[in-house]
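Participant: Please find one structure pasted underneath; my questions will follow.
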Amino acid sequence: MQQSSLSVSHQVSECSLPHIRFTGKDGGFRRALAARVEAYLAATGKGRGADAALALKAFFYGAAMIGLYAMMLTGGSVWWKTGLLAIGYGVSALLLAINIGHDAAHTAVTGNRRIDGAIHRLVFVPIGIDGYLWQMRHLGSHHVFPNVNGCDIDIDENPFLRLSPNHAPKTWQRAQHLFAVPVYMLTLLHSAFWGDFAYLRKRSLANMRGIAHRRRDVVLFFAAKLAYVAINIAVPMLVLPFAWWQVLLGYFAMTAVMSLLFIFLLVGTHFSDGAAFPKPGADGTIAMSWAEHAVATSVDWRPESRIATLIAGGANAHAAHHLFPRLSHTHSAAVTRIVRETAREFGVAYHETSFLRMVRGHFRHLKVLGQGDLHREGQRDDPDRGVHLAPAA
C-alpha cells in the first residue's frame, strides 16, 4: 500500500499541548490492513478514485440541485411549494458536498490535487462553507488527532456544548441534550457568516501554527461568499413574488433543515458514548498506535448499507475513512469488511451500530457530559450501542 493511503496530506506542527505522539504498538494491525486493502484493489482492478458509481452520484445530486433551484425560481406564487423546493435544493447541494466535495478534499476523485481542489471548492459554494478553509481544518487537524482535546479542531471547546469529557463542564450545559437541536439548526448559518471569517483571520488553530493564506485563496474566499449570498438570497429576492422577509424566512428554514441533516449524519461518528476520547499523558504520549486510535475514536453506522452510503457519502463507514482517507467512499463497504475482520483478529476495538442507535448514543453522550462526567478511561458494552469488538485480553 502506498504511504499516502494511510496518512494525511497536510504537514502540521505541535499542538498547544506537549508534542503529541502515538506510542502504542499494534502488533502489525496497520500493516495487515494496508496489505489487505491493497490486495482488494488488485483483485478487483479498481482504482483509488472515482468510478462510474461516483460519477453517477455526482450527476444525480448536481442535476437535482440545479433542477430544484430552477423550479424554485419559476414555480409560481404559492409560498409553501416554493419553500419545499428551496429545501429540496438545499438538501441536494449538501449531499453533493458530502458525497463529492468530501472525496475531492481528500484528492480521492481524480487523484489530481488541482482538479480535485477545484471540484471541492466549487461544490462547497452553494452550502456557504469555504472549501479551502474546511479542507485545511479537516485534513490538517481533525484527521491527524481525532477526538484529542486541543489538537482536533472539530472538538475544540465552544460556549454552548460540552462535546468532550476532557473539557471543563459549565453549569448551563447540564441541559445541553435538550437545547442541542436548536443550536445545531444554526450550524450552516454560523459557518457561512461567522465561522469562516474567524478562521480566515487565525494564524494558529488547534495543532496548526503559522497559518498563512495566499492572496489567491483570500480572493476566492470572498468571491465564494458573494456567490453564496447571490445564489441563496439576492436572486430569490429579485425573482420571487414574495416580500424580502418571506424570502429570508424561507432561507432560514432551508439552512435549518440542511444543518440538522448534516449534524445527524455525522455528529455521532465521533461524539458518542461509543467513541473513545484519549487524553495524552503529561509527556504528550497517547498509548495507542495511530491506526488503533483511528478505529477507537470512530463509530460506524450501517457501513455496508447502499442507501446509507448513497446519502452519507461513506461517513457511515467512518473507521475505514480515517484509516484510508485517500480512497473514494465507493470502496467504503468493502474496506469496512476488511477493517472489521482485521480488528477482530488483532483485538482492536471497533464500533458499529445503526443510525438510530448512533443518534441516541450522541444524545446520551451530551446528557452525561452535561452532568459533569469525568474522563472515561474505557468503554463498556451495552446492547443499545451496537457491536463493540473489545480488545482481546
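No value in this document is a laboratory result; all are computed from the given coordinates. Small disclaimer: the values here were computed from a predicted structure and weren't measured. Methodologically, a virtual Cβ is constructed for each residue, glycine included, from the backbone with ideal geometry; neighbour enumeration extends over all protein chains shown.
Participant: Can you tell me the orientation of helix 332-346 relative to the chain, as the angle in degrees between its alpha-carbon axis and the longest Cα principal axis, to the nearest 10?
Facilitator: Compared with the principal axis, the helix lies near 20 degrees.
Participant: What lysines could a cross-link reach from K46, if we take a straight Cα to Cα line under 22 Å and drop same-chain neighbours fewer than 8 places away?
Facilitator: Straight-distance partners of K46: K57.
Participant: Among rounded, prolate and oblate, which fits the chain when a ≥ b ≥ c are the square roots of the eigenvalues of its C-alpha gyration tensor, a/c under 1.5 means rounded, and a/b larger than b/c means prolate? Walk me through the numbers on the way to the answer.
Facilitator: On the way: a/c = 1.61, a/b = 1.39, b/c = 1.16.
It comes out prolate by the Cα gyration axes.
Participant: Hey, in the GNM for the chain with a 10 angstrom Cα cutoff, which one of A291, A243, A349 fluctuates hardest?
Facilitator: Checking each option, the largest mean-square fluctuation is seen for A243.
Participant: Taking R0 as 45 Å, what FRET efficiency do you get between V78 and I115 from their Cβ-Cβ distance, rounded to the nearest 0.05?
Facilitator: On the way: r = 41 Å, r/R0 = 0.92.
For R0 = 45 Å, the calculated efficiency reads 0.60.
Participant: Show me 259-272, 225-238, 88-101, 335-348 ranked by packing, highest mean number of other Cβ atoms within 10 Å first. Could the numbers behind the result be given before it?
Facilitator: Values: 259-272: 21.6, 225-238: 15.6, 88-101: 24.8, 335-348: 19.7.
Taking the mean over residues of other Cβ atoms within 10 Å, the ranking is 88-101, 259-272, 335-348, 225-238.
Participant: For A227 and S305, compute 0.36 nm times the residue count separating them, minus their Cα-Cα distance, and round to one decimal in nm. Display every interim value, and only then the final one.
Facilitator: Working: separation 78, 0.36 × 78 = 28.08 nm, distance 3.54 nm.
Length gained, A227 through S305: 24.5 nm.
Participant: Return, for the Cα atoms of segment 52-268, the radius of gyration and Dmax in Å, separated by a comma.
Facilitator: For segment 52-268, the Cα-based Rg and Dmax read 18.2, 52 Å.
Participant: Measure nothing fancy, just the Cα-based angle from helix 244-266's long axis to the longest principal axis of the chain, in degrees from 0 to 90, nearest 10.
Facilitator: Helix 244-266 and the main axis of the chain meet at about 20 degrees.
Participant: Follow-up. Between segment 315-331 and segment 174-243, how many Å separate their Cα centres?
Facilitator: Computed from Cα coordinates, the inter-centre distance equals 26 Å.
Participant: Further, regarding this structure: Compute the length gained on full extension between F59 and L356: take 0.36 nm times their separation in residues and subtract their Cα-Cα distance, giving the result in nm to one decimal. Intermediate values should be presented prior to the final figure.
Facilitator: Working: separation 297, 0.36 × 297 = 106.92 nm, distance 2.91 nm.
Gain on extension, F59 to L356, equals 104.0 nm.
Participant: Let me ask another. What is the distance, in nm, between label points placed 7 Å from the Cα along the Cα-to-Cβ direction at R174 and at R216?
Facilitator: 5.5 nm
Participant: Counting other C-beta atoms within 10 Å, which of S354, S141, S204 has the fewest, and how do the rest follow?
Facilitator: By the 10 Å Cβ count, ascending: S204, S354, S141.
Participant: A further question follows. Rank A86, A308, G268 by how far each Cα sits towards the positive end of the charge dipole of the chain (+1 on Lys, Arg Cβ; -1 on Asp, Glu Cβ) and give me just the farthest.
Facilitator: So the residue furthest toward the plus end is A86.
Participant: Which angle between 0 and 90 degrees, to the nearest 10, do you get for helix 113-124 versus the longest principal axis of the chain when only C-alpha atoms count?
Facilitator: Roughly 50 degrees, rounded to the nearest 10.
Participant: For the chain, give the share of DSSP beta bridges that are antiparallel, in percent and rounded to the nearest 5; count only bridges with both residues there. Before the final figure, lay out each step's value.
Facilitator: Working: 5 of 9 bridges.
Around 55 percent of the beta bridges assigned by DSSP in the chain are antiparallel ones.
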